[in-house]
Structures are given as structure tokens and as C-alpha cells.
Amino acid sequence: MRILVVEDEEKIASFIERGLKEHHYTVDVGRDGEEGQYLADVNAYDLILLDIMLPKKDGVSICRELRQRKNATPILMLTARDAVTDKVSGLDAGADDYLTKPFSFSELLARIRALLRRGREEKVDVLRIADLEMNLLNHEVRRGEQDIKLTSKEYGLLEYLMLHANQVVTRTMISEHVWKEDFNSFTNVIDVHIRYLRNKIDKPYPTKLIHTVRGTGYILKEASS
Ligand code: CA
């Protein structure tokens with residue numbers, strides 16, 4: 001799950017970013033209205049956290065423009081003021097929900113989960129291949145009866161592989177979707193994380209699911225051929 005946070009207050013932005021990453025969300029941060037708008041236009045997000053009071057372009061305008069362009073990504077507005085007008089204009093502009101600052105992180109998480117659930121009504125909440133299961137809402141991963149604890153990067157990598165099960169994914173695809181700007185010159189970073197992931201989800205089990213496609217990348221599938 002990839003979330004865009006548009007927030008100009010450094011402290012709040014890093015608090016949200018850190019917390020969401022700990023909960024296995026992939027996070028991009030836009031520091032002002034223009035950067036936020038740009039990120040929302042070029043990337044596909046599962047949810048956008050949008051502050052209202054932003055330099056360069058305010059959150060309500062961004063929200064309105066995204067909706068005009070048929071961008072249906074769930075939007076949770078953040079407002080510093082408990083002003084009814086802010087909430088109303090945000091909702092009128094097409095936001096799905098709002099949260100007044102200061103807020104507790106657990107409330108933020110609950111709102112995010114609710115919006116993601118709503119957005120996923122027609123999609124699947126649990127990805128499955130063979131006896132491997134990934135719950136996209138509570139982020140639990142299990143193989144058979146065994147709970148598997150993954151780091152955020154391992155989770156992101158496995159989610160990407162599961163969403164593309166039975167398709168070859170190249171290292172370029174993985175680096176663009178799982179690492180993004182964090183990924184730089186270390187081309188073996190992906191291979192190393194694949195190894196970590198294999199140690200957790202494949203090594204203890206007779207049926208291997210992650211297969212290397214020589215010179216190209218990887219494929220997640222049940223058959224061993
Ligand atoms: Ca602000």
C-alpha cells in the first residue's frame with residue numbers, strides 16, 4: 001500500500017512518515033502544495049493524506065483538481081483548525097474524510113484502514129498463492145499455519161510479487177515500485193532482499209514460490225518449472 005503525505009510542517013510530516021513505514025506502508029512526502037500535486041499526478045497511490053494549509057497551493061484546490069481529473073484515490077484531509085468551513089470545503093472538494101490536528105497516530109491509522117477498506121470493496125483484501133497468504137489490511141503474512149514477520153522492505157517486495165503472481169517481474173520494475181527514490185547505486189539490493197524473503201517464506205517449506213528468471217528478474221508461482 002502506497003500513501004502520499006502532503007504536509008509542510010516538518011515535524012508532523014516525519015512523525016506520520018515514520019509511523020506509517022513502521023506499519024508497512026510505502027510513503028512519499030510532498031513538502032508543499034505543488035510538490036504534492038505533482039506526486040499525486042505522476043504516481044498511483046492507494047491513499048493521499050492532504051494537509052489543507054500548504055505553501056504554493058492549498059489542499060482543497062489540490063483535492064478539487066484531482067477529482068476533476070477523475071483521480072479517485074481516497075483522500076484524507078488534515079486540518080489544523082477545527083473549523084467547520086475547512087471540513088465542509090474539503091468534503092465538497094471531494095475528500096473522503098478529515099482529521100483535525102493534533103490527532104493520535106492510532107486514530108490516523110484507523111481512518112486510513114477504513115478508507116482503504118472502502119476503496120477496496122471490489123478488490124481483494126487477501127492475496128494468496130499456494131499456502132502463502134498476505135492480508136493487505138492488517139499486513140499479516142502467513143504460510144500454512146505459520147505467521148511470518150517481515151520487515152517493511154520485505155513486505156513491500158512480497159506484496160509486489162504477489163500482485164504480479166505468475167508474471168515475470170524485472171529488477172527495474174521492482175526498483176521502481178518497491179524502492180523508488182531510496183534505491184540508487186546498489187543494484188544487488190534487490191537480490192539481497194529476495195534472499196531475505198526466501199529465507200522466511202520459502203526455505204522452511206518444501207514448495208518454493210520465488211523463482212529466479214536468469215538475467216531478468218523473478219517470478220512468484222507455485223510450479224517449480
Ligand atoms: Ca500546513
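The numbers here are math on the coordinates, done by the rules we state, and not lab data. Predicted model only: the values in this text are computed from it and were never measured. In this analysis, Cβ positions are derived from the backbone assuming ideal geometry, glycine residues included, and neighbour counts consider all displayed protein chains.
Mind checking whether some residue in region 149-159 is β-branched (V, I, T) and touching a residue at least 60 places away in the same chain (Cβ under 8 Å)? Break it down into steps so the answer makes sense when it comes.
The first filter runs over region 149-159 and keeps only residues β-branched (V, I, T), leaving 151.
Now drop any that are not touching a residue at least 60 places away in the same chain (Cβ under 8 Å), which leaves none.
No, region 149-159 has no match at all.
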Out of region 75-97, which residues are polar (S, T, N, Q) and more than 12 Å from the ligand (Cβ to nearest atom)? T85, S89
